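Let me begin by presenting the structure, written as C-alpha cells, before commenting on it.
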Amino acid sequence: MRLAVIEGDGIGREVIPAAVEVLDAFGLELEKVPLELGYARWERTGTAMSGEDIETIKGCDAVLFGAITTVPDPNYKSVLLTIRKELDLYANVRPVKPLPGIKGVTGKNNFDFIIVRENTEGLYSGIEEIGNDLSWTKRVVTRKGSERIAEYACKLAKQRNNKLTIVHKSNVLKSDKLFLDVCRQVASSHGVEYSDMLVDSMAYSLMMRPEKYDVVVTTNIFGDILSDMCAALVGSLGLVPSANIGEKYAFFEPVHGSAPDIAGKGISNPLAAILCVKMLLEWMGNPGASIIDEAVADLLQNKIITPDLGGTSTTAEVGHEVAEYVKNALK
C-alpha cells in the first residue's frame, strides 16, 4: 500500500509527524510518499498544487493530510476541493464520539453517531457566476450522487445499530425531494430502519438529544455545517477526525485548521490527526485500529495532554506516548 503524507501548513507540520509516529508503531508494510502542498508552497512558488502532484496522489491508495491555510486570493484554487473532485471522494465521514474525561458544551457523553455527508455536489458544485449586482451558485442533486451516499450510509448503519436519519430541507429546497426519496428507497432495499428530519430541526435535536442518533446522512452543505457544529459536543474541532472516501481512494484529515497563531510552538493537539490514523486503519481492515482508542483513553487518564486541554505536554510528546502504547499493546 502507498500512502501520500501531506503535512500542509501551520500546525499540520506538527500534528501529522505525531500521527505518522503512531502509524509507524503498527509496523505495517506501506510506502509513505511525502508531498508539499498548500499556502507555504504557493507563497514560495506561486503554485499550491500541480497536475503532477495530483498524478502522484492518484498513484497512492490513501492520503493522510494535515491542514491548509486559506488564501485570500481569487486565483487560488482550493487544494482540498481539487483533491476531492479528482479522486471522486464522494463520502465525507465524521464520527462524533466523546473522549474519556472530556465533555463538550452540553456536558453529555452518552452519544456515538456518524455524520455521512455527500461530498461532490450540492451547493459545492462549483457552478457559479459572480457579479457586482448578482451572484449565484447552482445546487446540484443527482440520483447517482444520492444513491451512492445512501448506500455508504446504509453500509455503516448495518455495521452499527441499523438506524439511519436522512437530513434535508425539501419543504423549501425542492431539489432535496430527490435526495430524500432516493435515500428512503436505498434504506428500504437494505432493511435499514430510517427516519428523516429537516436540517434546522436536526441542528436543534443534535444539541439537545445527540444520543438518539446513529448514522446521519445528508447533502454537502448541511453535512459541512452540522458536522462542525457537533464538534462542540465532543469539546473541540481539535479532537475530531474525518475521512473522505471514494470507490478507489481514501483521504484522512483532522477537521481543525492550520492555526497559524500557535504554529511552530509545539503545543498543538495531535489527537484528531492520531484518530485519523485509526480511521485509516479501519479503512484498511486492520483489526488493531481499536488500540488507538485505548491509547488515547490512557493518555487522557494520565493527563498527558496539550495546553488546550489543560496539560503541559508537547505535540511530539503526546504522539510519542500513543506510539509507545501501541508498541506495547502489540508485543
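The values are calculated or read from the model by the stated rules, or taken from the named source; none is laboratory data. Every value quoted in this text rests on a predicted model; they were computed, and no experiment measured them. Cβ coordinates were reconstructed from backbone atoms using ideal geometry, including for glycine residues, and neighbour counts include every protein chain displayed. These accessible areas exclude ligands, DNA and RNA; they are computed on the full protein's heavy atoms, side chains included. Shrake-Rupley method; radii C 1.70, N 1.55, O 1.52, S 1.80 Å.
Residues being out of contact with any strand residue (DSSP E or B) (no Cβ under 8 Å at 6 or more places or on another chain) and either open to solvent by 60 Å² or more (accessible area, probe 1.4 Å) or not hydrophobic (A, V, I, L, M, F, W, C) (or both): count how many of those fall in the stretch 43-63. Show your work before the answer.
First pass over the stretch 43-63, keeping only residues out of contact with any strand residue (DSSP E or B) (no Cβ under 8 Å at 6 or more places or on another chain): 43-52, 54-55, 58.
Pick out the ones that are also either open to solvent by 60 Å² or more (accessible area, probe 1.4 Å) or not hydrophobic (A, V, I, L, M, F, W, C) (or both) and you get 43-47, 50-52, 55, 58.
Final tally of qualifying residues: 10.
Only one residue in Lys265, Lys248, Lys177 is free of Cβ contacts under 8 Å to residues at least 12 places away in the same chain and outside any helix (DSSP H, G or I), so which one is that?
Numbers: Lys248 fails: free of Cβ contacts under 8 Å to residues at least 12 places away in the same chain; Lys177 fails: outside any helix (DSSP H, G or I).
Of the residues listed, the single one that is free of Cβ contacts under 8 Å to residues at least 12 places away in the same chain and outside any helix (DSSP H, G or I) is Lys265.
If you take the residues in the stretch 1-37 that are part of a loop (DSSP other than H, G, I, E, B) and in contact with a Leu (Cβ under 8 Å, 6 or more places away or on another chain), which one is surrounded by the most Cβ atoms within 10 Å (Cβ to Cβ)?
Here is the first cut: in the stretch 1-37, the residues part of a loop (DSSP other than H, G, I, E, B) are 1, 9-11, 25-30, 36-37.
Then keep just the ones that are in contact with a Leu (Cβ under 8 Å, 6 or more places away or on another chain); that gives 1, 25-27, 30.
Values: Met1: 12, Ala25: 24, Phe26: 20, Gly27: 10, Leu30: 16.
Checked the stretch 1-37; the qualifying residue surrounded by the most Cβ atoms within 10 Å (Cβ to Cβ) is Ala25.
If a residue has to be touching a Phe, Trp or Tyr at 6+ places or on another chain (Cβ under 9 Å) and open to solvent by 40 Å² or more (accessible area, probe 1.4 Å) to count, how many in the stretch 174-208 make the cut?
Qualifying residue count, the stretch 174-208: 2.
Can you go through Val296, Val326 and tell me which one is closer than 18 Å to Val96 by Cα, touching a residue at least 40 places away in the same chain (Cβ under 8 Å) and out of contact with any strand residue (DSSP E or B) (no Cβ under 6 Å at 6 or more places or on another chain)? Step through it out loud before you land on a result.
Working: Val326 fails: closer than 18 Å to Val96 by Cα.
One residue alone meets the criteria, Val296.
Taking the residues in the stretch 247-263 that are in contact with an Asp or Glu (Cβ under 8 Å, 6 or more places away or on another chain) and within 21 Å of Leu37 (Cα to Cα) as candidates, determine which candidate is most open to solvent (accessible area, probe 1.4 Å). Explain how you work it out, then say what you get.
Filtering the stretch 247-263 for residues in contact with an Asp or Glu (Cβ under 8 Å, 6 or more places away or on another chain) gives 247-250, 255, 258, 260, 263.
Subset that is within 21 Å of Leu37 (Cα to Cα): 249-250, 255, 258, 260, 263.
Details: Tyr249: 22, Ala250: 1, Val255: 33, Ser258: 9, Pro260: 96, Ala263: 37 Å².
For the stretch 247-263, the residue satisfying everything is Pro260.
So which residues in the stretch 275-326 are surrounded by 14 or more Cβ atoms within 10 Å (Cβ to Cβ) and charged (D, E, K, R)? Give the derivation first.
At the first step, the residues of the stretch 275-326 found to be surrounded by 14 or more Cβ atoms within 10 Å (Cβ to Cβ) are 275-284, 286, 288-289, 291-293, 295-300, 304-309, 311, 313-326.
Selection gives Lys278, Glu282, Asp293, Asp298, Asp308, Glu317, Glu321, Glu324.
Would you pick out the residues in the stretch 133-173 that are touching an Asp or Glu at 6+ places or on another chain (Cβ under 8 Å), within 18 Å of Glu193 (Cα to Cα), open to solvent by less than 40 Å² (accessible area, probe 1.4 Å) and not aliphatic (A, V, I, L, M)? Please lay out each step first, then the result.
Going residue by residue through the stretch 133-173, those that are touching an Asp or Glu at 6+ places or on another chain (Cβ under 8 Å) are 135-138, 140-142, 145-146, 149, 157, 160-170.
Next, only the ones that are within 18 Å of Glu193 (Cα to Cα) stay: 146, 149, 157, 160-168.
Next, from what is left, pick out any that are open to solvent by less than 40 Å² (accessible area, probe 1.4 Å): 146, 149, 157, 164-168.
Once the filter is applied, which keeps residues that are touching an Asp or Glu at 6+ places or on another chain (Cβ under 8 Å), within 18 Å of Glu193 (Cα to Cα), open to solvent by less than 40 Å² (accessible area, probe 1.4 Å) and not aliphatic (A, V, I, L, M), the stretch 133-173 yields Ser146, Thr165, His168.
Would you confirm whether any residue within the stretch 129-147 is part of a helix (DSSP H, G or I), under 14 Å from Ile221 (Cβ atoms) and either at pLDDT below 95 or not small (Gly, Ala, Ser) (or both)?
For the stretch 129-147, residues part of a helix (DSSP H, G or I), under 14 Å from Ile221 (Cβ atoms) and either at pLDDT below 95 or not small (Gly, Ala, Ser) (or both): absent.
Quick one: which of Ser205, Ser227, Ser242, Ser201 is among the hydroxyl-bearing types (Ser, Thr, Tyr), modelled with pLDDT of 95 or more and either in contact with a Gly (Cβ under 8 Å, 6 or more places away or on another chain) or assigned to a strand (DSSP E or B) (or both)? Before the answer, list the steps.
Details: Ser205 fails: either in contact with a Gly (Cβ under 8 Å, 6 or more places away or on another chain) or assigned to a strand (DSSP E or B) (or both); Ser227 fails: either in contact with a Gly (Cβ under 8 Å, 6 or more places away or on another chain) or assigned to a strand (DSSP E or B) (or both); Ser201 fails: either in contact with a Gly (Cβ under 8 Å, 6 or more places away or on another chain) or assigned to a strand (DSSP E or B) (or both).
Going through Ser205, Ser227, Ser242, Ser201 in turn, the sole match is Ser242.
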